[in-house]
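These notes are about the structure you will find just below.
The values are calculated or read from the model by the stated rules, or taken from the named source; none is laboratory data. Predicted model only: the values in this text are computed from it and were never measured. Here the Cβ positions follow ideal geometry from the backbone for every residue, glycine too, while neighbour counts run over all protein chains shown. All accessible areas refer to the heavy atoms of the entire protein, side chains included, with ligands and DNA or RNA removed. Shrake-Rupley method; radii C 1.70, N 1.55, O 1.52, S 1.80 Å.
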2 protein chains.
Amino acid sequence: LPIRFDDGPDASSLTGFAGNRLIRDAEKRDSGSLAAALADAGARFFLLVGGKALVEKRDGAGRALFSRQEADAFAADLAAAVLLGHDQGVPTLAAPAAVPETQILEPLWLYDLRSLLYSSSVGDADAGAIAQATSLLHWHQMNRFCGKCGAASLSSQGGYRRDCPSCASQIFPRTDPVAIMLAVSGTRCLLGRGRHFPPGWYSTLAGFIEPGETIEDAVRRETFEESGIRIGRVRYHASQPWPFPHSLMIGCFGEAVSEEVRFDAVELEDCRWFDREEVRAMLAGTHPKELKAPPSKAIAHHLIRAWAID
Amino acid sequence: LPIRFDDGPDASSLTGFAGNRLIRDAEKRDSGSLAAALADAGARFFLLVGGKALVEKRDGAGRALFSRQEADAFAADLAAAVLLGHDQGVPTLAAPAAVPETQILEPLWLYDLRSLLYSSSVGDADAGAIAQATSLLHWHQMNRFCGKCGAASLSSQGGYRRDCPSCASQIFPRTDPVAIMLAVSGTRCLLGRGRHFPPGWYSTLAGFIEPGETIEDAVRRETFEESGIRIGRVRYHASQPWPFPHSLMIGCFGEAVSEEVRFDAVELEDCRWFDREEVRAMLAGTHPKELKAPPSKAIAHHLIRAWAID
């Protein structure tokens, strides 16, 4: 048979926020889904306070799921809740909570998404579900009014749709596909340094896929716009949910067909070719100038590692 | 080197609407881009009348790009124009046009997007640019008001952003990633028949990728929700811009790890395993019961063909 599947778990599963195991049952969502879930006494809630996840930490182990009673105590806004899915039949929801940050005292902590990604106290499954929750709740916040007619819209379908009572428009949660790519040329790869990066960091280039564009054309366009390098063939590697606020990173390798870097100095502080040995030192943390590759939960890390080591 | 690139043009380039060759120069868009393009006497315009592309046909050859003078004659709304990109330095724009359909007389024709896909009179490059235009103009129409505060928002950055003068929100054009997948099991593949399909048609399953989900997890979830079939390993094949209204189809193969089909009868009229010989007959148009695979510009066709023939 002509279809070759790679062995082992897919590369996407190695990235951060990919551990979400909730059963979404997307086809079964309807106008009664949220009420039914809220009526379930066993329902569990992720609570977001100012966009950060509430976590109770005891002996290093974190608990990010709370009961209905706890949700009420933390002033969760259940009218704004979303139904993420279920876990062994238990409805799992997320809601913004209005408890003042000054009342978040040990053993309670607030985790922003980046901390969550590298925390050992919240597991990968919960981190993934919190990513889902954050993207959805942000989308609701940015779509309280109908874009077509300006009337206030209402959440429906367990939070997976907003309906306009005035013009009957329906809008669905948004996911922004982003092309993120490692350009390679023989034993070298192309890395750039954004103006906002931590000291020493270099990473792959990336940019939003635009309307009317294939993934491969976006890889070629973005690489050329940012670095001046022409890409020929493109190979998909892995994807990653990226809740800042609701992107889908689509990671690819691109085969460079030109050499001379002319980078966009508005976006980048530097962009150049790196030899494989230098990249290996960056991944190992042994680079003489302390240059670094992105950390292990980032899809950029896995693109770079798959090329340099695997 | 470990990165294997497939030979030849990428599979995405074989799909419909993938032929767009305009240079977008996304990094260079700014608040003056649209005015500068409109001030260029050589600027060319795609014109959309009620969502359909205006085409002038002479001797079978179609022209979908019009001059500024022609755009004015067809009552193009240049305040709502978007800058798609340029072709050899010539700005290429798109605008809705208010000319009444009753005044569209030969040699003028209106092409909806599906007709455009299979027309020989409009080339692939223009069909791709019209897809880009349609997605963008639809997005503007659905986002005239700020979703966050309800105020009227304004187009900026050549039509690639809308700015809210009241709360300063910026929103960007939307592209909805969709997983479309062929589940395979040995010499069989899984095809379904949607309730709205033309007679005899069977196709791959598909569904929107949701917030907080990898492409691979979406392939597994959608296949299971629609057919009851469990998928293990997933392999990306190709992508396709799909301007209905602004999707990005992400085509994958999925390795089935279960056998028994229990399809969702709300969405599907039928869903079953097809042997490779039967699929070849469908592709060749020689199926005894006149069952058919999707037409050649659809990414579903290419997934099915790559498995059954290539």
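Structure data summary
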item	result
Among (1) at the interface with chain A (Cβ under 7 Å from one of its Cβ atoms); (2) within 18 Å of A:Phe172 (Cβ to Cβ) - the single one B:Val178 does not satisfy	(1)
Qualifying residue in the range B:235-250 (condition: out of contact with any helix residue (DSSP H, G or I) (no Cβ under 8 Å at 6 or more places or on another chain) and assigned to a helix (DSSP H, G or I))	no
The listed residue being out of contact with any Cys (no Cβ under 7 Å at 6 or more places or on another chain), within 18 Å of B:Leu93 (Cβ to Cβ) and hydroxyl-bearing (Ser, Thr, Tyr), out of B:Ser33, B:Ser13	B:Ser33
Flag for A:Arg272 being modelled with pLDDT of 95 or more, farther than 30 Å from A:Leu137 by Cβ, outside any strand (DSSP E or B) and open to solvent by 40 Å² or more (accessible area, probe 1.4 Å)	no
Condition broken by A:Ser203, with the remaining ones in (1) small (Gly, Ala, Ser); (2) surrounded by 22 or more Cβ atoms within 10 Å (Cβ to Cβ); (3) under 27 Å from A:Thr134 (Cβ atoms); (4) more than 10 Å from every other protein chain (Cβ to nearest Cβ) satisfied	(2)
Among the residues listed as B:Ser258, B:Ser227, B:Ser296, B:Ser247, the single one being more than 10 Å from chain A (Cβ to nearest Cβ) and buried (at least 17 other Cβ atoms within 10 Å of the Cβ)	B:Ser227
Filtered residues of the range B:275-293 (kept if open to solvent by 40 Å² or more (accessible area, probe 1.4 Å), in contact with a strand residue (DSSP E or B) (Cβ under 8 Å, 6 or more places away or on another chain) and either of a type outside the set (Lys, Arg) or free of Cβ contacts under 8 Å to residues at least 40 places away in the same chain (or both))	B:Asp275, B:Gly285
Residues located in the range B:14-32, provided they are polar (S, T, N, Q), under 25 Å from the mean Cα position of the chain (by Cα) and more than 7 Å from chain A (Cβ to nearest Cβ)	B:Thr15
Boolean, A:Leu113 is surrounded by 19 or more Cβ atoms within 10 Å (Cβ to Cβ) and at pLDDT below 95	no
B:Gly158 more than 10 Å from chain A (Cβ to nearest Cβ), in contact with a Leu (Cβ under 6 Å, 6 or more places away or on another chain), crowded, with 24+ Cβ neighbours inside 10 Å and not aromatic (Phe, Trp, Tyr)	yes
Selection from the range A:126-155 of residues that are farther than 15 Å from A:Val49 by Cα, open to solvent by 20 Å² or more (accessible area, probe 1.4 Å) and hydrophobic (A, V, I, L, M, F, W, C)	A:Met142, A:Phe145, A:Cys149, A:Ala151, A:Ala152, A:Leu154
The range A:174-197 - residue that is open to solvent by 30 Å² or more (accessible area, probe 1.4 Å) and farther than 18 Å from A:Ile304 by Cα and, of those, nearest to the chain's Cα centre (by Cα)	A:Arg174
Any pair with Cβ under 9 angstrom, 6 or more apart, that starts in the range B:111-128 at a residue that is within 14 Å of chain A (Cβ to nearest Cβ) and ends at one that is of a type in the set (Asp, Glu) and open to solvent by 50 Å² or more (accessible area, probe 1.4 Å)	B:Ala125/B:Asp87
Spans of strands (runs of 3 or more DSSP E) in the range B:1-104 with at least 3 residues open to solvent by 20 Å² or more (accessible area, probe 1.4 Å)	B:52-58, B:61-63, B:82-87
Residues of the range B:181-200 satisfying the condition of being within 12 Å of another protein chain (Cβ to nearest Cβ) and in contact (Cβ under 8 Å) with a residue 24 or more places away in the chain	B:Met181, B:Leu182, B:Ala183, B:Val184, B:Ser185, B:Thr187, B:Arg188, B:Cys189
Those residues of the range B:230-244 which are more than 10 Å from chain A (Cβ to nearest Cβ) and open to solvent by 50 Å² or more (accessible area, probe 1.4 Å), in sequence order	B:Arg230, B:Phe244
